[in-house]
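First up is the structure itself, then whatever we jot down about it.
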Amino acid sequence: MGRHFGNLAKVRHVITYSLSPFEQKAFPNYFSKGIPNMWRRFSASFFKVAPPMTLMYLTYTWGNNAHKQSKRKNPADYENDE
């Protein structure tokens with residue numbers, strides 16, 4: 001019934017290296033390189049992302065408030081109804 005998954009093709013002249021998970025460090029250079037790199041990425045993209053998101057949020061809330069206000073009834077239209 002054909003080949004099993006994982007043995008579908010024979011690849012030649014490709015060398016792969018691997019390291020056992022038991023020999024790896026779980027968080028190498030996490031505090032010395034990871035946190036500064038995360039701060040650098042955050043500060044580089046914040047001013048590209050925050051202004052459009054703020055503008056869209058303000059537009060969305062303005063639109064919702066304008067819609068709610070336009071759906072309200074005017075009390076002056078019903079003053080003489082009895």
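The values are calculated or read from the model by the stated rules, or taken from the named source; none is laboratory data. Because the structure is a prediction, the values reported are computed rather than measured. Ideal geometry is used to build each Cβ from the backbone, glycine not excepted, and the neighbour counts take in all protein chains shown.
Do you know which residues across region 13-50 are surrounded by fewer than 10 Cβ atoms within 10 Å (Cβ to Cβ) and of a type in the set (Gly, Ala, Ser)? Outline the logic, then answer.
Taking region 13-50 first, the residues surrounded by fewer than 10 Cβ atoms within 10 Å (Cβ to Cβ) are 13-28, 31-32, 43-44, 47-48.
Answer for region 13-50, where residues must be surrounded by fewer than 10 Cβ atoms within 10 Å (Cβ to Cβ) and of a type in the set (Gly, Ala, Ser): SER18, SER20, ALA26, SER32, SER43, ALA44.
Does LYS68 satisfy the condition of being basic (Lys, Arg), more than 23 Å from the chain's Cα centre (by Cα) and at pLDDT 95 or above? Quick ask: steps written out before the conclusion?
On the way: basic (Lys, Arg): yes; more than 23 Å from the chain's Cα centre (by Cα): yes; at pLDDT 95 or above: yes.
Here the answer is yes, as LYS68 does meet what is asked.
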### Task
Count, please, the residues in region 12-34 that happen to be of a type in the set (Asp, Glu) and at pLDDT 85 or above.
0
